[in-house]
Structures are given as C-alpha cells and as structure tokens.
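Input: a single structure, listed below in structure tokens.
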Amino acid sequence: MIIGLNGQMLTIDKFAGPEVYTFNVFKNIALTDKENKYIVYFNSEPSKKFWEELTYKNPNFSYKVLDGRFSWTQWGLLWELLLHPVAIFFGATHTIPVIQHPKTRMISMIHGLEYKVNKQYEKNSFKYLLHPIILWWVLRFSKIIVVPSTATKNALINNKFFLFNSKKIIIINEGVSDKFFKRSQEEVDEIKRKYEIDYKKYLIFVSTIQPRKNIPIMVNAFSKVVIENDNIGLLICGKLGWLYQESLESPKRYGVEKNVKFVGRVTDDDLPVLLSGAKYFISLSLEEGFGIPLLEAMACQLPSIVSDIPSFKEIGEDTQIYVDPQNLEKITDILKNALNSPTDQNKINKAYELSKKYTWEKTSSTLISLFNSFNKNR
C-alpha cells in the first residue's frame, strides 16, 4: 500500500509544535513500518542528512518536491494526488486539497482550535472567517480525523458550526522524545554557563512567542514576585511566531528586563537540561490542543504551574498546579506560594510516571495500525 505524507513544513529552519509532531511521527513510522511504501511531499529539497535522519534510510520511503508557486496544497499537492493517487494521504496539518481522487482516503490531523484565541484571527479579518471554513472542509471531507486529546475532540464536537460526523474522530495522543529526562547538576551548571543564566533559581516557559501564549500576563505576575526576590529569573524559550511585539516588550513594561531572558528556540539537546535546572515550568496559555512542553517538563521531573485549560488537565491530571490564565491576582498568589514552599515530590514522581504513557513510538504505531486497517477492509 502506498501512503502519502504531508511534509510541507519540515524544511523550515526552526520547528514549532506541528513540525515537532510531524518530524517525530514520520521518523518513528520509518523506523517501525517495513511493509507499506511512503511518499513524503515537500515544498523544497531536503538535505541528504535530514532525509536520512527522518527515514533511517528506510528503502520504502521516497519523496517528491511539489510546486508551490500559487498554492502548495491547492495547486502542487492537488495535481500530484490527482495524477498519481495514493491509497492513503495523511496530513499532519489541517489542510487538504479541495479536489480529491476517489481512490485516495484522506486522514487529517487537527491539533486544536487555537485560532479562536489568536489575535491574527480578529473578527474583522478575512482569516477569522476563512479558518473555520477550512476546518469545516477538512472535517467534512476527510475519511478519518485524528486529534491528540479528548479536549480537542470535545472542542470540535461542541462547535455547532462544523456539523460533521463525530464518529470519524480518533484520539491518538502525541508523545515526548526519549531525550527528555532528569539531568545531573553538572549538566545544569554547564548549560547555565552556556546561556549565561546567573539567577539562583528560574522559571521556564517553552513555546512559540504569540498572543495566545499569554506572555504579558505571565511577565506581569512574575514582576510582582521579583519585588520580593530579585535573584530569580524567567526563561522564555521559543521562536518568534506572530504579533510577538507585546510579549517582547512586556519585561520593560513591568520593570523586570534583568530578570526575564528570551533565549529563542532551544534544541532538544539543551532543553531537557534547562528544564532540569528550573524551579517550575510555567505556561498560562489560553488554548492548547495538547501540550508537548508540559509533557516534556513532566518527563524531566519538573513541577509545573499551568492554565486550567482542559488539555493541560488531561495530561497532568492531579499532579500540577492549575490556575485561571486571566486571573492576575490568583496567578501572582500561586507564584509567590510556589516559590516559597518546598515542591511536592510525590506529585513530581506521579507526573513522571504519567509521562511514560506518551511516546512517539506509541503514536506512530497506532497510526500505522490505522493505515493498515483500511487495507484490510478493502
């Protein structure tokens, strides 16, 4: 069976959440599946090193670079799949061609409904109207919809605009890389020198810098803690996304420029060490479909202060500190209490055990089983 994979975004320089998902899933499919044949569709030529890292030199993997001059999905991919149909096409981003070959079964991944709180989708903008229409099209014309959590499944079902068959939704959790585990104090000391971190203790945030991550409120609450303890820092790890200026300016606005450090996107080699050296992971995100950074913190045995949104509570269960992400006073109180109290080792241990349930190997194996189920039902 020939299976097409959407690798459009895999040749960008710095990965965000969807690219992390795509890379790890494709990599583990290549490592596991020696029976099916796969074609990965790119928008630019991948390097030989990257291709070998992605596929483990699996001979059943090949790739094609498609024309994206007009629209990569609605031109290059559309014509490729019409002229050279595959049995299954799996898209790890929520877009599919508007015209599909009748022999190709579309399986689409929807990570979440973050567009609802993203400022680039303001109600007076074209994108605000277009985005749910694109989602509706994917929900309506995909054979199967894969979601990473019960929270995302419920959000789709409860949105009355979409009007689709909810029975086509399958939950397949995302995973955490085996690179994420608790590191030694020697490694922590070395990484602090590398990133010039001279705070006695620090909080760490990990994600793309964009409005729904709620960074200004996080910095505002943090600034009220710094008043009482000047030798504490906040590391903000992640690449610049969109409408990030307010986030970048927030430390100056609240007078904590010396205590907040934007370090950009951190590699998977350095991030587990930075997590291991932190006092808490913190994320006051307004909306998430899953929460890979929280999972990475749990795997590194780092306690977390996070939004009380459904996806975080689904992953962390009763092991994390949850807070209303828009209640500044409550966030401040929780921060002060957490930083002045010993951590709960029992909860840290329980969270670590929970993190073991989520692996990219499990994610990929479940997807392969899904692909094969179509072959059996022919």
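Structural remarks
- If you filter the stretch 239-290 down to residues that are of a type in the set (Gly, Ala, Ser) and within 21 Å of the chain's Cα centre (by Cα), you find that the one that is nearest to Ile331 (Cα to Cα) is Ser283.
- Residue that is in contact with a helix residue (DSSP H, G or I) (Cβ under 7 Å, 6 or more places away or on another chain) and touching a residue at least 12 places away in the same chain (Cβ under 8 Å), where the choices are Ala351, Ala278: Ala351
- Test result for Tyr322, within 25 Å of Gly233 (Cα to Cα), of a type in the set (Phe, Trp, Tyr) and touching a residue at least 12 places away in the same chain (Cβ under 8 Å): yes
- Selection status of Ile331, assigned by TED's automatic domain parsing to the domain that holds Ala297 and either more than 21 Å from the chain's Cα centre (by Cα) or of a type in the set (Val, Ile, Thr) (or both): yes
- Residue check for Ile197: touching a residue at least 24 places away in the same chain (Cβ under 8 Å) and under 19 Å from Ser307 (Cβ atoms): no
- Residue match in the stretch 46-55 (condition: more than 24 Å from the chain's Cα centre (by Cα), modelled with pLDDT under 95 and aromatic (Phe, Trp, Tyr)): no
- Of the helices (runs of 4 or more DSSP H) lying entirely inside the stretch 1-118, those containing at least 3 residues that are aromatic (Phe, Trp, Tyr) are 17-32.
- Taken as a whole, the structure places Thr343 among residues that are farther than 17 Å from Val219 by Cα and modelled with pLDDT under 95.
Yes or no, residue by residue, for (1) touching a helix residue (DSSP H, G or I) at 6+ places or on another chain (Cβ under 9 Å); (2) surrounded by fewer than 18 Cβ atoms within 10 Å (Cβ to Cβ); (3) free of Cβ contacts under 8 Å to residues at least 60 places away in the same chain:
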position	(1), (2), (3)
Leu135	yes, no, yes
Val147	yes, no, no
Asn159	yes, yes, yes
Phe164	yes, no, yes
Asn173	yes, no, no
Arg212	yes, no, no
Asn229	yes, yes, no
Leu234	yes, no, yes
Cys237	yes, no, yes
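- Listed by first and then second residue, the pairs linking a residue in the stretch 13-31 that is free of Cβ contacts under 8 Å to residues at least 12 places away in the same chain to a residue that is surrounded by fewer than 21 Cβ atoms within 10 Å (Cβ to Cβ) and part of a helix (DSSP H, G or I), with Cβ atoms under 6 Å apart and 6 or more places separating them unless they lie on different chains, are Glu19/Met9.
- Members of the stretch 53-95 that are acidic (Asp, Glu) and closer than 24 Å to Ile368 by Cα: Glu53, Glu80
- Within the stretch 243-260, the set of residues being in contact (Cβ under 8 Å) with a residue 40 or more places away in the chain and buried (at least 18 other Cβ atoms within 10 Å of the Cβ) comprises Asn259, Val260.
- A Cβ distance below 9 Å, combined with a sequence gap of six or more or placement on separate chains, defines the contacts here; from the stretch 51-69, residues that are within 12 Å of Gly7 (Cβ to Cβ) reach residues that are part of a strand (DSSP E or B) and charged (D, E, K, R) in the pairs Phe61/Lys37; Ser62/Lys37.
- Among the helices (runs of 4 or more DSSP H) confined to the stretch 176-259, the ones with at least 1 residues that are touching a strand residue (DSSP E or B) at 6+ places or on another chain (Cβ under 7 Å) are located at 215-226, 245-253.
- Options Ile12, Ile2; residue that is among the hydrophobic types (A, V, I, L, M, F, W, C) and modelled with pLDDT of 90 or more: Ile2
The values are calculated or read from the model by the stated rules, or taken from the named source; none is laboratory data. Just so you know, these numbers come straight off a predicted model, no measurement behind them. Note: ideal-geometry Cβ built from the backbone for every residue, glycine included; neighbour counts use all protein chains shown.
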